[in-house]
Structures are given as C-alpha cells and as structure tokens.
1. Just to be sure I understand: with springs between alpha-carbon atoms less than 10 Å apart, which residue in B:Val52, B:Val82, B:Val225 has the highest mean-square fluctuation in the Gaussian network model of chain B?
2. Once phi is turned into ³J(HN,Hα) by the Karplus curve 6.51 cos²θ - 1.76 cosθ + 1.60 with θ = phi - 60°, what whole-Hz value does each residue of the range B:128-138 show in order, with x for glycine and proline?
3. Relative contact order (percent) for chain B, with alpha-carbon contacts under 8 angstrom and 6 or more residues of separation?
4. Please compute the average number of Cβ atoms from other chains found within 10 Å of each residue's Cβ in peptide A:20-27.
5. From the mean inverse distance of alpha carbon pairs (Kirkwood) and the Cα radius of gyration, derive Rg over Rh for the protein assembly as shown.
6. Of B:Val123, B:Val11, B:Val133, which is the most mobile in a GNM of chain B whose springs link Cα atoms less than 10 angstrom apart?
7. Taking the convex hull of the Cα atoms, report for chain A its projected area averaged over all directions, in nm².
8. Sorted by mean Cβ packing within 10 Å, highest first, what order do the peptides B:26-35, A:13-22 take?
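Values in this text are rule-based calculations from the coordinates and carry no lab data. Quantities reported herein were computed from a predicted structural model and do not represent experimental measurements. Note that each Cβ is placed from the backbone with ideal geometry, even for glycine, and that neighbours are counted across all protein chains shown.
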Amino acid sequence: MNHVPYLASAWLMLIGLYGIATSRNLIHMVLCLTVVQSSTYLLLLGVGYRLHATAPIYQGIVPGHRAVDPVVQALTLTDIVVEATVVALMLALAVVAHKRFGSLDPQKLRPLRG
Amino acid sequence: MSPRARQISCVVVLLGFGAFLVWGVLGLQDFGHWTGLYGRRVLKVASSERQVTNVVSAVNFDYRMFDTLIEELILFTSVMGVMLVLRHQRGEDPEPEHAAGDSEGFEDTTDGVRVLGVILIGVTLLLGLYIVVHGHLTPGGGFQGGVILGAAVLLVFLAGEFVTVRHLHPVETMETIEAVGAAGFAGLGLGGLIASSAAFHNFIWTGTSGMLISGGTIPLSNLAVGCAVFGAILILASELLEQALIVRR
C-alpha cells in the first residue's frame, strides 16, 4: 500500500499517452496531454508528502509543526504554469491546422509546404 | 497505419514502458516518509527569516526567485508564440475591426448567462485581488490570483460583450500590463543586486509575520507576477476568440 500514489501517477501517464497515440481530434489530443502532465503533479506532491503533516502554511499554527515539503509544492506550481503555456500553444496550432486543412483529425494532416 | 494497428502497437509499447515506470516508482521511498533536507531546512527558517506564513511563496519568490523568473519568461515566450502563430495570414481579412462592429457573433448568448456573468465579474475581481495580495500569508499568490483576475475579464467576454471589450483595445493594454509585470519582477531581482550586492536578495524590511505588509519583496513579487499572468491569460484568450470571429465569418 505504500506506493499507491506513485502507481496512480504512472497509470495517469500511461492512459494519457494511450489517448495521445490513438486520438482522432487535435483538441482531444491536447486534453490527453494535460492528463499526462497531471501525472507529474501527483508524483511530485506524493513524493513530498509526510505522514500526519499539515500544509506548509503557518497561518494559525505553531511554527515548527510537521509540514509537507514546500519545495516540491513550488515545483508543482512551476509545472502547472508550464502546462498552461504548452496547452495554449498547442491549441493555437490546432486552430491553424484547422484553418489550413479544414479538419482536426491528425490523420488528415499533410506535410506543410513552404 | 490503420487505427486498429495503431491501437495494438501503442498498447504493446505502453505495456513495456509501464513496466519500467512501475519498476522505477517502486524504488522510491515509502509514501509519507520524504526525507528531503532542503525542504526541512526551508520550513525551519522561512517564517523567522522572511516573516511569511506561506512557505511555498517564500520558496517561489525568495529562496528560488531566479527559477520563478525563468518560469515567468516561459509564460512570456509562449504568449509571443501564440500571437505569432495566430497572426493574420495571407488570404484573411486584414482589418477585422470593421466587420466586428456589426458582427452579431454572440447574439445566441442567453440572458441567464449575461446576468450571471455581470454579477460574477465583481466578485471574481475581488477574489483575484485578495488571492494576489495575500499570497505571502495564505494559499495563493501571483500566478493563481492572476488567472482568477483573467477569468473575471473573460466573464465580460462570456456575457457577450466581446465587441465592447475590443473597443478598449485590450491586446495593447494587456501587452503593457504583462510587460510591466515581467519587468517589475526582473527589477525586484536587480534591486537586490543594487541594494545588497546579491541579485534576488530580499532587500526590503520584512516586518512582522502574519501582517499584510511583511515578507519584504515577496508581496511585491506576487503583485508583479499577478500583473504579468493577468495580461498573459487575457492575450491568449483574446487571440483565440479573435480566431473564433474570423472563422465564423
């Protein structure tokens, strides 16, 4: 039972990759990418967790109380920001692909010519 | 490759990859027994050294502020990328302003959405500001609050006033807000270099823990990041909405 959060994160990554590989719609593909990225949040937060610990926010509790690791939480925040930027770029590319080829199906995309 | 063959080969590859992944995570330490020394050290010193109660903010905007600057620049770059990708291309109407004036694009918005949108705008703005300015005390900060502030303006779009908002030239304004935010954040890093000969040093009096004005440069960084994220979210959204208008015509 000690590794369940890590295994859950591995599962999220695999199911997201499966979605990306078999996707028939670029928007669906971007959403699958966000599933893969959520697996990294779960892994980071799971790694930094300490049993019976509170959030690393000392508002209203005694300083020195056992708290979870703030560094991995800050890393997760970075991760989320990067995800948002990647998703924005991918969606913009999906818009352009739809304008150029008239379809969101990745199988129907043809190589770009200059 | 047929979809069926693609599916089967994908499952085979993922099973192999998954086996390695599971093997890897089983080698991690047990869940709940993290022994990272850096995090423990920061937890011990952050509230007395920097007088903040939100230690995650102290890591993001003080101890590892350099990393956050890079993160901020990633956001900045991606906004530029989206604007570049979605620029007006050959064969498209180069001047969408004229057509948008008489566009009836959002007429299908129902009254319920309009009323609720208008009611929620004020509440959302207030919540966003609260999250930004209390970033060093309670959960939240510039990134989270900036997104909420962006959502408040998106509610205006949702309420069907996209055309009204466009008359204020939001993209130019938002570009300025985003640039000022990013420059302010970098300036805070440089301020440390000038005031105490170490870049990204917290050079302002840190005050008393738990007060609104405490934590030195941390609340200021939150404000700068809040501005930058607010601008970035709105530029992204309005660029994509602009495309929706072009496609609809």
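1. B:Val82
2. x, 4, 4, 5, 5, 6, 9, x, 8, 10, 10
3. On the way: 293 pairs, mean separation 63.4, N = 249.
The normalised contact order for chain B reaches 25 percent.
4. Numbers: counts 1, 7, 6, 0, 1, 0, 0, 0.
Mean shielding count: 2.
5. 1.01
6. Among B:Val123, B:Val11, B:Val133, the largest GNM mean-square fluctuation belongs to B:Val11.
7. So the mean shadow area of the Cα hull is 9.5 nm².
8. Most protected by this proxy first, the peptides run A:13-22, B:26-35.
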